[in-house]
Amino acid sequence: MSESFLLLRSFAWAASGTRAAAEFVHQMNSFIWCVFGKRGSGKTCEVKRRLIALLPEPVNIVIYDPLDEYREPFRTRGFQTARAYAEFRAIVNKSFAENRAYLRVIFSPNGADNASGDPVPEFERVAGQVKRWKRVIFLVEEADQFCNATRITPSLAWMINYGRHEEQSLIALSRRHSTLNRNLTAQASLITTFKQSEPRDIAVLEELGFDGDAVRNLKNWKFLEKTL
């Protein structure tokens, strides 16, 4: 059994605590996990919980965190934090120079490299670095800023379509399913939804086999999940 399979099996186990959820990683060496939910519904806390379960695994992890929500509890668990691309690049270069077993970085942009107000160019520079690595999990908060119906950054598109060959995995969080690029959601291995109420979002989730009424009536911190 490959190390990558063991990694993904442990991820799925952490996801729901059931063997059924582990089946989606069978014979796979990467995953795409999409998480949806209204603000305050609990999606970020749930992702943190599952990510903590993966920390013992020897895998690179990069968190793109525009709202600065991940420094705690990960700062005390071996993650370094970068606030600008130059700082991020320096951490990466030092890690490779020191031949570290794996890299753990949280990138929380401070706006210094974003005079235009458009976060996409800076994100693409970070994603361009990440896509060069093997065996990496790239977590993207507010993913619809970079992967929506009208545009998707080149590096993110490459990871979605070809990242499995490099054992690259994506975790994408967004408030609504309908705002994410269909290329991403169509390739998802696992979809988790917290409460949704917009008819368009409910309709798409129903197409995937979710119970629309159950999604509408979810309480905060509760979610439904399907492997695809």
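The values are calculated or read from the model by the stated rules, or taken from the named source; none is laboratory data. Here the structure is a predicted model, which is why all the values come from computation and not from measurement. Every residue, glycine as well, gets a Cβ built from its backbone with ideal geometry; the counts of neighbours run over all protein chains shown.
Output the number of residues of the range 93-119 satisfying the condition of being in a helix (DSSP H, G or I) and buried (at least 17 other Cβ atoms within 10 Å of the Cβ). Please lay out each step first, then the result.
Of the residues in the range 93-119, the ones in a helix (DSSP H, G or I) are 93-97.
Those left that are additionally buried (at least 17 other Cβ atoms within 10 Å of the Cβ): 95.
Residues that pass the stated criteria total 1.
Results for (1) of a type in the set (Asp, Glu); (2) touching a residue at least 60 places away in the same chain (Cβ under 8 Å), shown as yes or no for each residue.
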| position | (1), (2) |
| --- | --- |
| ARG151 | no, no |
| MET159 | no, no |
| TYR162 | no, no |
| GLU167 | yes, yes |
| ALA172 | no, yes |
| LEU180 | no, yes |
| PHE210 | no, no |
| ARG216 | no, no |
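Close Cβ contacts (under 7 Å, 6 or more residues apart or on different chains) running from residues in the range 30-53 that are closer than 17 Å to TYR64 by Cβ to residues that are of a type in the set (Asp, Glu) and assigned to a loop (DSSP other than H, G, I, E, B) comprise THR44/GLU69. Taking every residue in the range 62-87 that is at positive phi and pairing it with any residue that is of a type in the set (A, V, I, L, M, F, W, C) and crowded, with 16+ Cβ neighbours inside 10 Å, at least 6 positions away or on another chain, the pairs with Cβ-Cβ distances below 9 Å are ASP68/ILE106. Those residues that are within 23 Å of PHE123 (Cα to Cα) and either at pLDDT below 90 or out of contact with any helix residue (DSSP H, G or I) (no Cβ under 8 Å at 6 or more places or on another chain) (or both), I need them from the range 184-220; list them, please. Across the range 184-220, the qualifying residues are ALA186, ALA188.
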